[in-house]
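First up is the structure itself, then whatever we jot down about it.
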Amino acid sequence: MPDRHFPVRPNLEQLKHRAKDLLRAEPSLGKLAHAQHALARSYGLPSWPRLVLACRMTDAIWRDDVEAVRELVLRHPRLLRENARGVAQSNWGPPMSYAANLGRDRIIAMLRELGADDLNFAFDRACLHGRIDTARQLYARGARPDAESLDGPCETQCGPGFAYLLELGREVNLSHIALLLQTYSRNPQGKHQCLEAAAARGIVLPDTPPMAIHRGRIDLLEHHLDRINDTFSHEDIYPPSLGCDADHTKALHGTPLAGGGLLHLAVDNDEIEIAQWLLSHGADVNLRAAIDADGFGGHTPLFGCVVSQPYASDGVRRWHACFSITAPTPTCTPRSANACASWKTRRCTSIAMSRR
């Protein structure tokens, strides 16, 4: 396993500076070339020259520079089928698939003419990121969805990609619903679209307050006004009847939601309109989630605004405006140290997965 994660869009100049820093920190490396090689290997690439090619290839694709990509492939034909980032394992794939993630249709057409054959993978990547025009182009060139194609849009909660695959005849089942609910992604509008499309195709979604939030349906929440400040179990939020895993760690969230209320769920899923509605109907901003057997938990909804993934930058300001209130500090007792570490590990894992 590499020591570092190689960025989806690596910056060559930054990496050159990092190699110099490494040489200063470890003079025993002797030469800059040795430091560059060590740095490349730490990222999982075989050599510094391969790292340079990866930087140039990915940068050219981001810039939609058809000729630069063509020149790189003609000079180094192996690049046509190697991962664009140069690492052994990469969700973004070879150059044509990498371009499909970004909707770079001209580059895709050129690479196909040069013999790129990762059509189906490129198609799946386009659907996963909602590049529907690109997916249609790839379909016209012979790409076809397979049994796992629908997993991608479920993982990223991509409504357009989900709808397009249904249009092509893919069947939705409970495993897709479980993935939509438990994924690390936070794309409320897309999630709503996927769940409504699934319901229209016969998937029965329970009439519960948590499911109303998952669907983004205030009209359904209005039928549960008497439960605004109820608390809900993990199974209420992630129903086993919809295929959700018995292993609670498979549901990825910012802070544990079990024993929390509807406001906790709205915050974690970036449902700001629903949160405002809940607050206007008397939702308790000081309600704490459950504390587990290790003493970890007790978080308030506002604490979720600080640590949950959608709120890394301007999200906190948006939610501060929504709450305009200070919530108490969450509970984290000395005996909860191991649980805290476990939660942090799971959260870091979900963030790493989000580099899709």
- Build a GNM of the chain with springs between Cα atoms under 10 Å: which of Ala275, Ala147, Ala258 gets the top mean-square fluctuation? Ala147
- Item | Rounded, prolate or oblate (a/c below 1.5 giving rounded, otherwise prolate when a/b exceeds b/c) for the chain by Cα gyration tensor | oblate
- D (µm²/s, integer) via Stokes-Einstein for the range 218-277, Kirkwood Rh across alpha-carbon pairs, 37 °C, 0.692 mPa s: value 266 µm²/s
- Any idea what angle helix 48-62 forms with the longest principal axis of the chain, computed on alpha-carbon atoms, 0 to 90 degrees, nearest 10? 60 degrees
- Task: Mind listing the long-range amide H neighbours of Gly260? Cut-off is under 5 Å, sequence gap 5 or more, other chains count too, H placed in the peptide plane at 1.01 Å from N.
- Result: Phe232, Ala290
- Task: Give me the distance in nm between label points sitting 7 Å out from Cα along the Cα-to-Cβ direction at His17 and His5, one decimal.
- Result: 2.1 nm
- Message: If you average the C-alpha positions of the range 1-57 and of the range 210-255 separately, how far apart do those two centres end up, in angstrom?
- Response: 45 Å
- What list of ³J(HN,Hα) values in whole Hz, one per residue of the range 80-94 in order, does the Karplus curve 6.51 cos²θ - 1.76 cosθ + 1.60 (θ = phi - 60°) give from phi, with Gly and Pro shown as x? 4, 10, 7, 4, 4, 7, x, 8, 5, 10, 8, 4, 7, x, x
- Message: How tilted is helix 188-200 with respect to the longest principal axis of the chain? Cα atoms for both, answer in degrees (0 to 90, nearest 10).
- Response: 70 degrees
- Query: In degrees, nearest 10, range 0 to 90: what is the angle between the Cα axis of helix 66-75 and the longest Cα principal axis of the chain?
  - Reply: 50 degrees
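Values in this text are rule-based calculations from the coordinates and carry no lab data. From a predicted model like this one, the values you see are computed outputs, not experimental measurements. Positions of Cβ are generated from backbone atoms using ideal geometry, with glycine treated the same way; all protein chains shown enter the neighbour counts.
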